[in-house]
Structures are given as structure tokens and as C-alpha cells.
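Some notes on the structure that comes next.
The values are calculated or read from the model by the stated rules, or taken from the named source; none is laboratory data. Just so it is clear, the model here is predicted, and its values are computed rather than measured. So basically every Cβ, Gly included, is an ideal-geometry build from the backbone, and we count neighbours across all protein chains shown. Side chains are part of the model used for accessible areas, which takes the heavy atoms of the whole protein and leaves out ligands, DNA and RNA. Shrake-Rupley method; radii C 1.70, N 1.55, O 1.52, S 1.80 Å.
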Amino acid sequence: MGVEKVIPSELELVNIFGVNDNNLKYIKSMFPLLKINVRGNIIYIDGDKKEVNEVLRILDEMVSMSTNKEVIDPADVELLSKINSGIKRNGNKISSVEIIENKSIKVKNINQFKYMETISNSTITFGIGPAGTGKTFLAVASAVKLYAENKIRKIVLTRPAVEAGERLGYLPGDLSQKIDPYLVPLFDALEHFFGNEKLGYLIEKRNIEIVPLAYMRGRTLNDACIILDEAQNATTNQIKMFLTRLGENSKVIITGDETQIDLYKKDYSGLRKTRKKLANIDEISVMEFENSDIVRNPIVSKILDVFPE
């Protein structure tokens, strides 16, 4: 099957093909059996009908993105090749997600994209995987996006106060000062979107709450996005208690790494038991990240591959 795809003359070809034709080269690498040639603004594609149609779909999406003045790179081409064509994106850049006014994030791989889609479409989402895959940051980003769109009125973030190798009692200060170090990653993610001053204001007004898991008992949270981070350090009873805080028009996101349990006895961890028991409930989704999804220094993934669970 041979077809021609004409790129509208008003579009910058470099934005479609990429700098040094990197986008076009990536498409060719994905479909090595196709003959893909370019003359001016016309792309000639010849080969298997199914693969030709898939390339045409990807190119249509790229043209739509370029029409919206989006800059396209090979990461976007990769996402376009893997994302269901039924998802409506209205020509917006696949890898760039607007969270709050003038603040966007860039998803780095297909699992990060699916994770945010899953959070948007589920009442309860489990984000499971190794450090560096963006589980916590994207969970906070999703909560901030919901808040910015007025879909919720409150963001609640919590972690179990369990430490890696030290004991709370040996740390200086009162309980609040002992707990603060465990909540720093959550503060950092929120500060990225709101800035220090606005974050302080929202915390003062209790639109954002960051609390230890033990302080969640007895509450019912309506119109909220509630995030339990480092859930591998929570027991089954604690996760059950946390999940039953869910009120009307609320979402829950539970993140954790089942290979990094800091509890005195690893069998006490309730994350794996809980998410497996709940996985068949329609409103609950589980997103599992792999070492290959790590977006920190590539050596981190290699290190984790060396150590057994």
C-alpha cells in the first residue's frame, strides 16, 4: 500500500520532522519495514497497510499539535505511537500537561501518561514502583490540577512516620518537629506549583493539609484529593483506616515501593495485600511502574536491577 501525506504549507516542517529530522528518523526506526521518503512537504509511505495507517495516524496527530504551535520532539512521537488513538487531546502536546496557570509538567514516558489518566478516571489509584518513577510528584500534580479546576476544595497529603534506619525518639524537638522531615518531599512538590508564599497561605486556610497517617483516624473527607505516600510502610489496618476516610466527590491516591519497606517486620506491610484484594473493584485502579520508568540518573535503574527484592 502506497500513500502520500501532504503537510500543510503554512506549518513549519522542522516542527513536524524535528531538528535534524529526528522525529522522522524515530518514525522510521519504529516501522523499519516501511519505505518512508520526503520531498518538500509531501511524505511518501509504502508498505503494510496496517503499519501505513498507523504512521498516518501519528502524522495527523503531529500536524494537529503543530497547528497549535506545540514543539514536537521524539518523546512525543513515542507517546503518540503507544497511546490509544481514541483519547481526545484536541491537538495539545502529549507530553506537556498544564497543571495550574503558567505551570505545566512534562511526562517522560507512557506509564507516567497512563498514571495521570488513571488518576483522572478512577476514584482510588494505586501507584506502585521504584523510586524515581514520578509516583509522588505526579500524584501531587494531579491533586493540584483538580484543585485548580475547582473539582475539589482540599488537598490532603499523608505519610506513615516510619524511618529508614533511625527512630523518631532519637530526633530532637517535639512531635511536630520530628514529623516534618518525613513530609519534606510532599512540601517540595506542592511548593513547585504554588510557590512558598501561596503554599503557606493555603496551608493556613487548611485548603492543603499535610499530616502524619496516625492523625487521619476519625475523619471523613469530602471534595478532596487524599494522597497516601510511602504506603509500603503502612500496615493493612492503617491502609484500611485511610481508605475509609473517603467522602463524597473525593479521590484517593496511594503510592509506594514494595521493595523499600522500612517496617521492623516486612510482613507487616499492607500495601501489596491491600491493592491485590481491591484490584477487581471497578472504581479502583493499579498502576505499576518498572525500573525502566525511572527518570532520575540512568544509573539508578541499573543499581536497582542489581539488588534483589
* To do: Work out how far the C-alpha atoms of region 177-252 reach from end to end along every principal axis, then list the three figures in whole Å, largest first.
  => 36, 29, 18
* For V286, tell me the accessible area in Å² from a 1.4 Å probe, rounded to the nearest 10. => 50 Å²
* **Paramagnetic reach from A279 (point 7 Å along Cα→Cβ, amide N under 16 Å) across region 120-149** => 125-130
* Where in region 31-56 does the amide nitrogen come within less than 14 Å of the point 7 Å from the Cα of I110, taken along Cα to Cβ? -> 31
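Could you put S285, S29 in order of accessible surface area, largest first, with the 1.4 Å probe and the full protein assembly present?
So the residues, ranked largest to smallest area, are S29, S285.
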* **Largest-first ordering by accessible area, 1.4 Å probe, given options M1, M287** => M1, M287
* Asked: Put R217, R206 in order of accessible area, largest first, 1.4 Å probe: what do you get?
  -> R217, R206
* Dipole size in debye (nearest 20) for region 198-295 around its Cα centre, Lys and Arg Cβ +1, Asp and Glu Cβ -1? -> 480 debye
* To do: Please find the FRET efficiency linking Y264 to S29, where r is the Cβ-Cβ separation and R0 is fixed at 51 Å, and quote it to the nearest 0.05.
  => 0.55
* Structure fact -> Expected field for Y26, accessible surface area in Å² at 1.4 Å probe radius, rounded to 10, holds 70 Å²
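Express in nm, to one decimal, how much length is gained between Y201 and E288 on full extension, taking 0.36 nm for each residue of separation and deducting their alpha carbon distance.
27.9 nm
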* Structure fact -> Per the 1/(1 + (r/R0)^6) rule, R0 = 41 Å and r from the Cβ atoms of K69 and T236, FRET efficiency to 0.05 is 0.25
